[in-house]
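Shown next, in structure tokens, is the structure this report addresses.
The values are calculated or read from the model by the stated rules, or taken from the named source; none is laboratory data. Nothing here was measured: the structure is a model prediction, and the numbers come from that model. Note: areas computed on protein heavy atoms with side chains; ligands, DNA, RNA excluded. Shrake-Rupley method; radii C 1.70, N 1.55, O 1.52, S 1.80 Å.
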Amino acid sequence: MNVYEMQQEILRMKKEQDVCILAHSYEAREIAEIADFVGDSYALSVKAAKVPNQTVIMCGVRFMAETVKILSPEKTVYLSNPIAGCPMAEQMDKEMILQVKSQLPDYTVMAYVNTTADLKTIADVCVTSSSAVKIAKALDNDKILFIPDCNLGAFVAKQVPDKTVKLLQGGCPIHAAVRPEEVRAAKAAHPDALVLVHPECVPAVVEQADYVGSTSGIMDYAKASDAKEFIIGTEISIAEHLQYDCPDKMFYPMSKHLICPNMKSTTLVDVYRVLRGEFGEEIVMDEKTIASARRCIDKMIELGG
Ligand code: 13P
Ligand code: SF4
């Protein structure tokens, strides 16, 4: 079976079985093509709450499949490849944060959605990269403990100078690995290009950007801009998707290291095999975890919408 034939078979099976396929924008092109919805973490969370189908297959990483299950506990939710985790989501556990919280009792715990369901049970509000600044501004508390990404947290802190934002040492190993010299080299190679950067990158990279925003923010900015060339400072698939969407513009990945091995661990064959009942992992969570983790996700949707 070639790629096209497998895609056709996936489309046929998902219709027959009334399955919805959600994919994060960092997934490969051939997966984005068969998905019912492709988006950034925030858009996927909003969509997850509204999916009409009984079964959802998440092509993304584990915390994204967990978020779907938390928002729609009555649905059957599969993570298409069980090894697709997010190292950032595993960096901090509940006990560690409870200890920090006990020393900062009047702080609101703002958790990036890239956290485990277990950690979400003790967070006050969730955020994604596209909703973090808006939610930080909307909170009535002016003291925020931002977990786990110190780079996104530093970006948020800069946008809300009237609030105190405490950070811990966590972050995305892929985005945080981009070095400021790589940005300078990319700019020297493409002097007319605008630099669009994800806030998971380190401040010395973010400072050199013409635009800083989430995955969807970067895509929307590039599509709407009159500029013709862009250096893309986020996962490499975004440059590829944009190149398809805007063939008259040029998109250059900022670094060849901006490839998330976890997002890329899901293949088209995995999705095919999940639909055949041969692969994937059904997300199972107890009711108590679902109920407590849901509070901070609901709050994110309420304040971030
Ligand atoms: P967004 O989808 O919020 O842009 O986050 C990027 C990311 O790293 C997802 O894991
Ligand atoms: Fe996690 Fe970074 Fe990969 Fe996103 S890009 S899934 S934050 S490791």
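Listed values, structure above:
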read-out: Extension gain, Lys158 back to Ser102 (0.36 nm per residue minus Cα-Cα distance, nm); value: 17.6 nm
read-out: Glu282 accessible area, assembled protein chains, probe 1.4 Å, Å²; value: 80
read-out: Met6, Met58, reordered so the largest accessible area comes first (probe 1.4 Å); value: Met6, Met58
read-out: Largest-first ellipsoid semi-axes for the stretch 67-172, taking √(5λ) over the Cα gyration tensor eigenvalues, angstrom; value: 24, 15, 14
read-out: Average Cα contact separation per residue, the stretch 1-85, under 8 Å, 6 or more apart, as relative contact order %; value: 26
read-out: Fraction of accessible area attributable to carbon and sulfur, the chain (%, probe 1.4 Å); value: 52
read-out: Within straight-line cross-link reach of Lys158, lysines at Cα separation under 21 Å, skipping those fewer than 8 residues along the same chain; value: Lys134, Lys137, Lys143, Lys166
read-out: The stretch 230-305 - Rg and Dmax from Cα coordinates, angstrom; value: 18.4, 51
read-out: Solvent-accessible heavy-atom area per residue, rounded to whole Å², over the chain at 1.4 Å; value: 42
read-out: Diffusion coefficient, µm² s⁻¹, Stokes-Einstein with Kirkwood Rh over alpha-carbon pairs of the stretch 117-161 at 20 °C and 1.002 mPa s; value: 195
read-out: Unsatisfied cross-links (Cα-Cα over 22 Å) in the set Lys15/Lys223; Lys75/Lys120; Lys15/Lys75; Lys47/Lys120; value: Lys15/Lys223
read-out: For the chain: relative contact order, % (alpha-carbon pairs under 8 angstrom, 6 or more apart); value: 22
read-out: Stretch gain in nm, segment Asp210-Gln8, where the contour uses 0.36 nm per residue and the Cα spacing is subtracted; value: 68.7 nm
read-out: Accessible-area order (highest first, 1.4 angstrom probe) of the listed residues Lys228, Lys101; value: Lys228, Lys101
read-out: Shape metrics for the chain, restricted to C-alpha atoms - Rg then Dmax, Å; value: 19.1, 58
read-out: Shape call, the stretch 76-122: gyration tensor on alpha carbons, a/c limit 1.5; value: prolate
read-out: Beta bridge orientation in the chain: antiparallel %, DSSP, nearest 5; value: 5
read-out: Rh (Kirkwood; distinct C-alpha pairs) - the stretch 103-223, Å; value: 15.1
read-out: Area accessible to solvent at Asp248, 1.4 Å probe radius, in Å²; value: 110
read-out: Potential extension, Asp36-Ala49 segment - 0.36 nm per residue separation minus Cα distance; value: 3.2 nm
